[in-house]
Amino acid sequence: MRRGLRLALFSLIGLLALAGETLGADALLVSQPFYSGMQFYVYRPAGVPQDWYATFDGYLVYRDSGGVWRYGSKDGAACIATEYIVGSVVPSLLGLTPAERMPVASLPVPETSAPELLPYPASYSSQAWLRNPAFLAIEKWEKSVDRIGVLSKPAAPVAWRGDHPKVIYVWTGSRWHQITTEGEWARPLSVLKGQLYDLTLRINKSGGDWRAEDTTALVRCAAKWGYAWMGQITLLRPSWPAY
């Protein structure tokens, strides 16, 4: 379970600043310049134009003229570029359709990558939450958490389990606030949108001050804990489909 979630992380969080390092015949380990230090694997699915790739959870991606990797969609045989930056959104919430997925077992995981992900990065040691037992308790919550991301506004980590979670956890700056959902078909975005005002008050009252460098550190933690990285989650985006 944890290994599978860790593999899913690589398919969501980063891509290519340079040409990428070839790992096996089908896989590329690439970096996302928009998020310094983030990497994941892509491959070339059959039937796509040159310079198009797919993440290992099946979503089409391309590199724009500035070197930033973005999601794409498919219209028949044509690949359509979007402005959505890989690592900043959850593609399934955007109505994007995955291409044919490569089996997870095909993903190469080089031995050299494991030690890099396990420790907390020394450069992030100033983050108080990395030394806060109340925050780090989430590492042991596998029964109620299998994915984690960051709300864009208010800026705060958020975590839950599955597509229809019973509980959603939001870090207010001092503790994990629990939101109990109603009904077995509760959708995380709908629940969070309904709690937006209350969450903003709680985070402001606790003095929450989540920054971009905190998000970069949390990505590493997600890999260490085995939780899928959900990227930046924007609750107020009129262009998103109803969810």
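The numbers here are math on the coordinates, done by the rules we state, and not lab data. Keep in mind that this is a model prediction, so the values were computed, not measured. Positions of Cβ are backbone-derived with ideal geometry, glycine not excepted, and every protein chain shown enters the neighbour counts.
On full extension, the segment bounded by Thr200 and Arg175 gains 7.6 nm, given 0.36 nm per residue less the C-alpha separation. Put a dot 7 Å past the Cα of Arg187, heading toward its Cβ, do the same for Ala81, and the two dots end up 3.0 nm apart.
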